[in-house]
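Colleague: This structure is in structure tokens; I'll ask about it shortly.
The values are calculated or read from the model by the stated rules, or taken from the named source; none is laboratory data. Since the structure is predicted, the reported quantities are computational estimates derived from the model, not experimental observations. Because the Cβ atoms are built from the backbone with ideal geometry, glycine has one as well, and the counts that use them run over all protein chains shown. Remember, those area values only see protein heavy atoms, side chains included, never the ligands or the DNA or RNA. Shrake-Rupley method; radii C 1.70, N 1.55, O 1.52, S 1.80 Å.
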Amino acid sequence: MSCPGCTPPTEYRRFFDRRLARRDARRYRRGGLPKTARRLVALAGDVTGASVLEVGGGLGALELELLEAGAAGATNVELSGGYEEAAATLLAEHRLGGFVDRRVADFVTEADSVGEHDVVVLHRVVCCYPDVDALVGTAAARTGRRLLMTYPRERLLTKLGVRSTNLWLRLRGCGFRSFVHPVARIAAAAEREGLVLDERAASGPIWENAAFVRPYGRSAKTAFVPPPTT
């Protein structure tokens, strides 16, 4: 990453590692998506035939749900390669391997290689990136119809919790940090790219979900192309 204060990619990979990926996979198999992700699936509406882009999608379970709801294909851009093995296993179990293009990259710096998609998802990833304007603005620019986000609620309790977590990480020598970005700044970054707020609601004491739409909508300029098989 090139932005001031950005976490080095190696620290993301250290925090979001294979062990975390396997744990997430076990949780998904036992209980499905967490509440916040289920809400984003609902906010997506009718995704029949739609292309989906998930930024920081990790394991990719949310994409699986959208594909099974009728989406045509998905692209997952994830900074940590620690998820790839568990994600491949999960895709095989659902027989959806040919419908997801998984990329290990920093979405902001590699965005030129990512085309526009009908539905773009940032589930619990805004809090992981220091440059919220770049992250949300770049995602919004690639949104054909709906941009869905989950981010921390802008509350004193949440800020104290994130501060404590960051202190714990620093004491452990981990360079990864979390952020509680101003909601007004998140919204402004999306609105500068022509999106408007459709719905915003708390999802428990920590998280908030929001859906932004492009007025009158437009189909994605680039259709989903399945990744090559090996």
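Colleague: Stretch residue 35-residue 103 to full length: gain in nm at 0.36 nm per residue minus the Cα-Cα span? If you can, show how the numbers build up before the last one.
Modeller: On the way: separation 68, 0.36 × 68 = 24.48 nm, distance 2.56 nm.
Result: 21.9 nm gained on full extension.
Colleague: Is the chain rounded, prolate or oblate when judged by the Cα gyration tensor, a ≥ b ≥ c being the square roots of its eigenvalues, rounded requiring a/c under 1.5 and prolate requiring a/b larger than b/c?
Modeller: On the way: a/c = 1.44, a/b = 1.13, b/c = 1.27.
It is rounded, given that a/c, with a ≥ b ≥ c, falls under 1.5.
Colleague: Once the piece of chain linking residue 19 and residue 216 is laid out straight, how much longer is it, given 0.36 nm per residue of separation minus the C-alpha distance between them?
Modeller: Working: separation 197, 0.36 × 197 = 70.92 nm, distance 4.30 nm.
Additional length available on full extension: 66.6 nm.
Colleague: At most 16 other Cβ atoms within 10 Å and a DSSP loop assignment: could you name the GluC sites (Glu not before Pro) in region 142-213 that fit? Working shown, then result.
Modeller: Working: sites: 154, 191, 193, 199, 208; in loops: 154, 193.
When the GluC sites (Glu not before Pro) of region 142-213 are filtered for loop state and at most 16 Cβ neighbours within 10 Å, 154 remain.
Colleague: Along the charge dipole of the chain, Cβ charges K/R +1 and D/E -1, which of 100, 74, 20 sits furthest on the positive end?
Modeller: Positive-most Cα among the choices belongs to 20.
Colleague: Further question on the same structure: Would you tally the net charge around residue 180, using a Cβ to Cβ cut-off of less than 10 Å, leaving residue 180 out, and scoring K and R as +1, D and E as -1? Intermediate results must be reported in sequence, preceding the final value.
Modeller: Numbers: positive: 153, 155, 159, 163; negative: 154.
Neighbour charge sum, excluding residue 180 itself: +3.
Colleague: Something else: Which value results for Rg/Rh of region 34-142 when Rg is the Cα radius of gyration and Rh the Kirkwood radius based on the inverse mean 1/r?
Modeller: That ratio is 0.93, to two decimals.
Colleague: Moving to a separate point now. What Rg and what Dmax come out for region 75-212 when only alpha-carbon atoms are used, in angstroms?
Modeller: Both quantities, over Cα of region 75-212: 16.0, 44 Å.
Colleague: If the elastic network links every pair of Cα atoms under 10 Å, which of 211, 88, 74 fluctuates the most in the Gaussian network model of the chain?
Modeller: In the Gaussian network model the winner is 88.
Colleague: Next up: Is the shape of region 174-214 best called rounded, prolate or oblate, per the rule: a/c under 1.5 gives rounded, else a/b larger than b/c gives prolate, else oblate, with a ≥ b ≥ c the square roots of the Cα gyration tensor eigenvalues?
Modeller: Oblate shape, in that a/c is at least 1.5 and b/c is the bigger or equal ratio.
Colleague: Tell me, what % of the accessible area of the chain is carbon and sulfur with a 1.4 angstrom probe?
Modeller: Values: 5790 of 11130 Å².
Of all accessible area on the chain, carbon and sulfur atoms account for 52 percent.
Colleague: Given H placed 1.01 Å from N in the peptide plane, which residues other than close sequence neighbours of residue 123 have an amide H under 5 Å from its amide H?
Modeller: When sequence neighbours closer than 5 places are left aside, the close amide H contacts are 55, 150.
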